[in-house]
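Working notes for the structure below.
The values are calculated or read from the model by the stated rules, or taken from the named source; none is laboratory data. These numbers were taken from a predicted model, which means no experiment stands behind them. Every residue, glycine as well, gets a Cβ built from its backbone with ideal geometry; the counts of neighbours run over all protein chains shown. Please note that ligands, DNA and RNA were not included when accessible areas were found on the heavy atoms of the full protein model with its side chains. Shrake-Rupley method; radii C 1.70, N 1.55, O 1.52, S 1.80 Å.
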Amino acid sequence: MKRPSSRPFARQAGIALPVMLVILLVMLISSIYLLKSSNTTTLTASNLAYDAAQSHAVDQGLNEAYKWLAATSSSTSQRALLDMNAANQGYVATYDPSQGVRNPAFWVGAKVVTVGDKRIEYVIHRMCLLALPYNDKDNTCVQTTDNPLAAGSPLAPGSSMVITTPRYNGVPRVHYQVTARMDGARGGNVVNQMMVLIGG
């Protein structure tokens, strides 16, 4: 009887080492990629939380501006202040639509408030052309009111819905644009805006 030859096994000796080295290299590259990916996710989450905290702080500035605007408009003795600029309160009685928030002229008359340790700047623009009462014949303001005609009201045959002058159902509401901003510690900044409608 012949013994089985051990020569085929001798040829395979040592092939496992290169295969294992290739597998280890693939695992090393995969682990480096996963580590980098988790770092990117952590940084993204951190930046989103930072932006949310800044936006919340700027909203506090909007709230401060709104409180002054609401208190002034509800007081009969102070309501006339809304017809003129009040730089110490961050209030501007006019609005120039050609100026955006990036223009330094937009922030002239702004007020600085501190919320916690954050410095927030806000400005209130009455959306009017001139610093005059909203209903002055020379002034033009953005105003809103309810439609004097009930929805779905019948129109007589041959009648027209065209009107040549504005019709307001009661006292119109004048628009006020409140803008707040804060410069962030990391070089970014946040600007938030809101519109307030107050009856003239």
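Pairs are defined by a Cβ separation below 7 Å, a sequence spacing of at least 6 or placement on different chains, a first member in segment 58-76 that is in a helix (DSSP H, G or I), and a second member that is open to solvent by 70 Å² or more (accessible area, probe 1.4 Å); the pairs so defined are Thr72/Gln78; Thr72/Arg79; Thr72/Leu81; Ser73/Arg79.
For segment 119-128, the criterion of being open to solvent by 70 Å² or more (accessible area, probe 1.4 Å) and over 20 Å from the mean Cα position of the chain (by Cα) is satisfied by no residue at all.
Among the residues here, Gln177 qualifies as open to solvent by less than 70 Å² (accessible area, probe 1.4 Å), modelled with pLDDT of 90 or more, on the phi < 0 side of the Ramachandran plot and not in a helix (DSSP H, G or I). Within segment 107-144, the set of residues being acidic (Asp, Glu) and in contact with a strand residue (DSSP E or B) (Cβ under 8 Å, 6 or more places away or on another chain) comprises Glu121 only.
Filtering segment 89-138 to residues that are β-branched (Val, Ile, Thr), touching a residue at least 40 places away in the same chain (Cβ under 8 Å) and farther than 13 Å from Ala65 by Cα leaves only Val101. Screening Leu28, Leu34 for residues that are open to solvent by 70 Å² or more (accessible area, probe 1.4 Å), part of a helix (DSSP H, G or I), farther than 29 Å from Thr179 by Cα and at pLDDT 85 or above leaves exactly one candidate, Leu28. Applying the criterion of being more than 17 Å from the chain's Cα centre (by Cα) and not in a strand (DSSP E or B) to the residues of segment 90-102, the residue that is surrounded by the fewest Cβ atoms within 10 Å (Cβ to Cβ) is Ser98. Consider segment 48-89 and keep the residues that are of a type in the set (Val, Ile, Thr) and closer than 22 Å to Ile120 by Cβ. The one that is surrounded by the fewest Cβ atoms within 10 Å (Cβ to Cβ) is Thr72.
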